[in-house]
Amino acid sequence: MSFENCYYGKKVLLTGHTGFKGSWLAIWLKQMGAQVYGYSLAPYSEMDNFVTSDLKNKIHHYEGDVRDKGSLLAYFNQVQPDIAFHLAAQPLVLLSYQNPVETFETNLMGTVNFFEAVRQTPSVKVAINVTSDKCYDNQEWVWGYRENDPMGGKDPYSASKGCSELITSSYINSFFKNDGTCLVASARAGNVIGGGDWAVDRILPDYFRAVKANKKLLVRNPYATRPWQHVLEPLSGYLQLGAALYLKGRKFTGGWNFGPEDTVNYSVKELIDAILKIDPTGGYEIPEMTDKPHEANLLKLDISKAVNLLQWRPVLSFNDTVKFTVEGYQSDINLTNSYENRVAQIEEYVHKAKSKLIAWAI
């Protein structure tokens with residue numbers, strides 16, 4: 001078993017378990033023998049990973065809004081979890097321009113309500129707030145952001161994630177710093193890709209929707225560079241962080257970056273070109289540039305802290321990342337068993353991690 005068997009038999013509560021990362025995390029935790037409880041809004045579409053993997057019938061599923069403090073508190077009180085991960089969020093930059101109020105309500109007060117629920121549920125020993133690399137005040141530097149760099153954000157989504165980090169720090173220092181209190185951390189990851197993500201206004205869901213419709217994708221920002229990583233990469237970091245907190249204690253509290261190696265940053269165009277080498281059925285066009293809402297062109301993380309203190313590091317090469325992603329979407333498009341595909345990819349990922357002697361896998 002991975003992560004020193006930390007999750008076996010534990011009650012683990014996830015907010016946002018119907019989302020992309022949350023549903024993958026639920027599958028991995030279930031495979032490790034955890035009792036998985038989810039609190040989230042309903043999935044957005046019938047193509048979402050939560051639906052195609054039939055998670056509603058495989059874990060404890062409760063539909064609720066993190067903005068509803070009373071409902072969230074009641075669910076925590078009912079479950080009495082050992083560990084809690086907060087992944088519920090409004091996760092899209094462009095949608096944050098259309099609905100800034102909902103974005104701030106969800107990403108700020110949702111975080112506050114999560115920590116209030118943790119604070120009032122003594123059974124919770126570890127709580128991790130999952131935010132984003134966009135929490136940093138992005139100056140589009142050529143070097144990666146470190147955990148102690150300033151929070152910020154020009155667009156409402158990024159600003160909301162910076163605020164969520166400030167809320168986390170405030171709760172740690174105000175309520176969770178003494179012995180006997182819950183051990184709290186935050187986890188920041190870059191652009192996460194993989195099968196089961198069908199959100200709007202994301203490059204790969206848009207691309208594979210075009211593949212499914214036998215159309216070419218219009219790429220709005222082909223030269224934007226991102227730290228692309230398969231969803232299992234940051235999830236292994238979150239799980240390793242949770243295990244370190246649970247088994248080793250307070251020195252692992254605070255903020256943590258999880259991303260690819262410093263040299264592994266590719267443009268949108270390079271990513272799609274790599275996909276086409278594996279599956280040439282798609283295609284794309286680059287339209288003439290038009291005015292569009294601000295979205296960073298360069299953003300990457302320094303993962304030195306996680307590498308040196310957690311003994312965590314990425315498992316997949318860029319080509320492996322693309323391969324895992326294409327296979328995941330092919331499973332979705334061909335309507336094969338999504339749950340079996342996800343489990344098989346988790347097992348392959350763990351096997352690769354063991355072969356590279358990564359600490360959490362051995």
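Here are a few things to note about the model shown:
- Taking GluC sites (Glu not before Pro) in DSSP loop states with no more than 10 other Cβ atoms inside 10 Å as exposed sites, the chain has its longest site-free stretch at 141-287.
- GNM flexibility winner over the chain from N341, N138, N99 (Cα, springs under 10 Å): N99
- Charge sum, other residues only, whose C-beta stays under 13 Å from S40's C-beta, Lys/Arg counted +1 and Asp/Glu -1: -1
- Cα point-scatterer Debye curve for segment 310-362, base-10 log of I(q)/I(0) at q = 0.24, 0.27 Å⁻¹: -0.92, -1.03
- Site pair Q98 and N221 shows an inter-label distance of 1.6 nm when each label is modelled 7 Å from Cα along Cα→Cβ.
- Ranked by the mean number of other Cβ atoms within 10 Å of their residues, highest first, the peptides 212-221, 245-254, 182-191, 77-86 fall in the order 182-191, 77-86, 245-254, 212-221.
- Kirkwood radius, segment 49-94, all distinct C-alpha pairs, inverse of mean reciprocal distance: 12.7 Å.
- For the chain, the longest principal axis of the alpha carbon atoms and the long axis of helix 20-31 meet at an angle near 60°.
- Beyond 31 Å in Cα-Cα separation lie the following of the pairs K154/K269; K30/K216; K154/K352; K134/K323: K30/K216; K154/K352.
- Amide H contacts under 5 Å for G255, placed H, 5+ residues apart: S186
- Tilt relative to the chain, helix 338-355 - C-alpha long axis, 0 to 90 degrees, to 10: 80 degrees
- Shape class for segment 1-70, computed from the alpha carbon gyration tensor (a ≥ b ≥ c): oblate, with a/c not under 1.5 and a/b at or below b/c.
- Taking N as the residue count of segment 249-356, its C-alpha radius of gyration divided by 2.2 N^0.38 Å amounts to 1.34.
- Acute angle (nearest 10 degrees) that the helix 69-79 long axis makes with the longest principal axis of the chain, alpha-carbon atoms: 70 degrees
- Cα gyration tensor shape of segment 103-163, rounded if a/c is under 1.5, else prolate or oblate by comparing a/b with b/c: oblate
- Matching label, Kirkwood radius over Cα pairs in Å computed from the structure shown, candidates (1) 24.2; (2) 22.7; (3) 20.4: (3)
Each value in this text was obtained by applying a stated rule to the coordinates, not by laboratory testing. All values derive from a computational prediction rather than experimental measurement. Neighbour counts are summed over all protein chains in view; Cβ atoms, including those assigned to glycine, are modelled from backbone coordinates with ideal geometry.
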